[in-house]
Amino acid sequence: MQNLNKMTIRDLDVKGKHVLVRCDFNVPIVDGVITDDKRIVESLPTIKYLMEHGAKVILCSHLGRPNGEFNEKYSLKPIAKHLSSLLGLDVVMAEDVIGADAKAKSAALAEGDVMLLENVRFHKQEEKNDPEFSAELASLAEVYVNDAFGTAHRAHASTAGVASYLPSAVGFLIQKEIEIMGRALSDPKRPFVAILGGAKVSDKIGVINNLLLLADKILIGGAMAYTFLKATGYPIGISRVEDDKIEDAKAMMALAEEKGIEFLIPSDNVSGKEFKEDTETITKTSIPDEFMGLDIGPLTIERFSAAIEGAGTVLWNGPMGVFEWERFAVGTKAVADAIAKSGAISIIGGGDSAAAIEIYGYADKMTHISTGGGASLEFLEGLVLPGIAAIADKE
């Protein structure tokens, strides 16, 4: 399993130095207002540490998908404003990323000052990991710190490229993410229960195969469950299914049986006639021809809750149904409730599961809520994350 044998922020002498920090400030903004600042708050320990140790802090991040062009809609100005209030100091906002304004403002920083560059994805070269752009970005600083776990699975200029040009380390957030999830995968407190949901089996095949080497129980919900159900001959009506993944599903269930791993798929479902919130619904153990599964049913909730009870470690990634609609959020809420009550070491793997935990008010009952959706999935799959691989190893 991956261990963090990387330089960390505490290994660096940052006093008086310009430190470029890649953060993940890709947060939801509606009409200029940040609606969820969890990712910003999670970056504060690293930023404050650097300020307290006399660094001249230069923050960079992407926001949304501006496709390599300047777009005011994706400006980081609201982030600078919010950060200023969180840090209790004026965060300097650059008008550009590697242009004259960024260079002048960077040069003018004093120890303990913080500035934020404009959205790095305003440059096409960012996502191409262009070496010239990486070098230009690196020229603003003397040290590089990556603390953006949410983009650590991307080999972009600001997440990996700049590490070739500067002494580098990971920040406290990446350190925490890797250590907590790494421990759960390398030496979990047992029984180890993995709960996987979401839309597609294809997104999770690698994760399930890795967890088949580690978990004691695997629970499958969400739209991806219907591919597994179809693989067992269960009637799934017009539910979403990946026909080209049915053989994979059969193979995974067979391997689980061979290894004595409890592999639970839904035994009843809440189904709707159409994919809309006010559709006609039916709850039963088989899905009628003209219906589609939209949530796990009460019998499944009972089975899943019983499987979670008494767990030592629980890992959850992906909702059990269309939880954005209240009528089909019952399964997701019940799983969150069971995890909260279990007393287990609980790791929530980012994305929709993290959103659900926040919505239902269980955040303080969980051991760790990951800030990375895709990054945490790739980590759980046992893959190397380029943004972390690029960081210098400890001597």
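The values are calculated or read from the model by the stated rules, or taken from the named source; none is laboratory data. Computed from a prediction, not measured in an experiment: that's the story for all the values here. Because the Cβ atoms are built from the backbone with ideal geometry, glycine has one as well, and the counts that use them run over all protein chains shown. Note: accessible area is taken over every heavy atom of the protein model, side chains too, but ligands, DNA and RNA are not part of it. Shrake-Rupley method; radii C 1.70, N 1.55, O 1.52, S 1.80 Å.
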For a quick check: with amide H placed at 1.01 Å from N, whose amide H comes under 5 Å from V270's, ignoring anything fewer than 5 positions away on the same chain? L294, D295, I296, G297
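Which whole-number value in Å² is the accessible area per residue of the range 66-108, probe 1.4 Å?
Working: 2270 Å² over 43 residues.
Dividing the accessible area of the range 66-108 by its residue count gives 53 Å².
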FRET efficiency, N209 to D289 (Cβ-Cβ, R0 35 Å, nearest 0.05): 0.60
For the range 104-257, one quarter of the surface area of the C-alpha convex hull, expressed in nm², comes to 13.2 nm²
Find how much the distance from I359 to E302 grows on full extension, using 0.36 nm per residue of separation minus their present alpha carbon separation; answer in nm with one decimal. 18.3 nm
Using 0.36 nm times the number of residues separating D36 and V384, minus their current alpha carbon distance, what extension gain do you get? 122.4 nm
Would you mind working out the accessible area per residue for the range 299-362, using a 1.4 Å probe, and quoting it in Å²? 36 Å²
With θ set to phi - 60° and the Karplus curve 6.51 cos²θ - 1.76 cosθ + 1.60, what are the ³J(HN,Hα) couplings of the range 49-54 in order, to the nearest whole Hz, using x for Gly and Pro? 4, 5, 4, 5, 9, x
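If you roll a 1.4 angstrom probe over the protein chains with everything in place, what fraction of the accessible area of the chain belongs to carbon and sulfur, to the nearest %? Before the final figure, lay out the partial values.
Values: 7960 of 16090 Å².
Accessible surface attributable to carbon and sulfur in the chain totals 50 percent.
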In terms of Cα to Cα distance under 19 Å, which aspartates and glutamates are near enough to K394, apart from those fewer than 8 places away along the same chain? D11, D13, E142, D147, E177, E179
Calculated FRET efficiency, K189 and L44, Cβ-Cβ r, R0 35 Å, to nearest 0.05? 0.75
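When averaged across all projection directions, what area in nm² does the alpha-carbon convex hull of the range 48-144 cover? Don't skip to the answer; put the middle values down first.
Details: hull surface 24.1 nm².
So the mean shadow area of the Cα hull is 6.0 nm².
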A correct Kirkwood calculation over the Cα atoms of the range 311-395 returns a hydrodynamic radius in Å of 13.8 Å
Amide H contacts under 5 Å for L264, restricted to residues at least 5 apart in sequence or on another chain and with H modeled in the peptide plane, are I218, L219, I220
For the range 59-74, Karplus-derived ³J(HN,Hα) couplings (6.51, -1.76, 1.60; θ = phi - 60°; whole Hz; x for glycine and proline) come out as 9, 9, 7, 9, 8, x, 10, x, 6, x, 10, 5, 8, 3, 4, 9
For the pair A108 and K73, the simple spin-label estimate (label points 7 Å beyond Cα toward Cβ) gives in nm 3.2 nm
For the range 267-274, Karplus couplings with θ = phi - 60° (6.51, -1.76, 1.60), whole Hz, Gly/Pro x: 9, 8, 9, 9, 10, x, 6, 9
For the chain, the longest principal axis of the Cα atoms and the Cα long axis of helix 77-87 enclose an angle in degrees, to the nearest 10, of 80 degrees
Show log10 I(q)/I(0) for the range 91-166 at q = 0.11, 0.14, 0.16, 0.17 Å⁻¹, two decimals, from a solvent-free Debye sum over equal Cα scatterers. -0.26, -0.42, -0.56, -0.63
Stokes-Einstein, Kirkwood over Cα pairs, the range 249-395, 25 °C, 0.890 mPa s; D in µm²/s equals 144 µm²/s
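With a Förster radius of 25 Å, plug the Cβ-Cβ distance of T8 and L87 into 1/(1 + (r/R0)^6) and report the FRET value to the nearest 0.05. Intermediate values should be presented prior to the final figure.
Details: r = 21 Å, r/R0 = 0.86.
Efficiency computed from Cβ-Cβ geometry: 0.70.
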Return the subset of K77/K176; K38/K128; K81/K105; K103/K128; K73/K276; K217/K284 for which the Cα-Cα distance in this structure is over 19 Å, preserving the input order. K77/K176; K38/K128; K103/K128; K73/K276; K217/K284
May I ask you to give the solvent-accessible area per residue for the range 147-276, in square angstrom, as obtained with a 1.4 angstrom probe? 37 Å²
What's the percent breakdown of Cα-Cα distances in the range 191-250 across 5 Å bins, shortest bin first? 4, 20, 30, 25, 14, 6, 1, 0
For the range 178-337, what are the per-bin percents of Cα-Cα distances with bins 10 Å wide, up to the bin holding the maximum? 11, 42, 35, 11, 1
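With both bridge residues required to lie in the chain, what share of the DSSP beta bridges run antiparallel, to the nearest 5%?
On the way: 11 of 48 bridges.
If we restrict to bridges inside the chain, about 25 percent are antiparallel.
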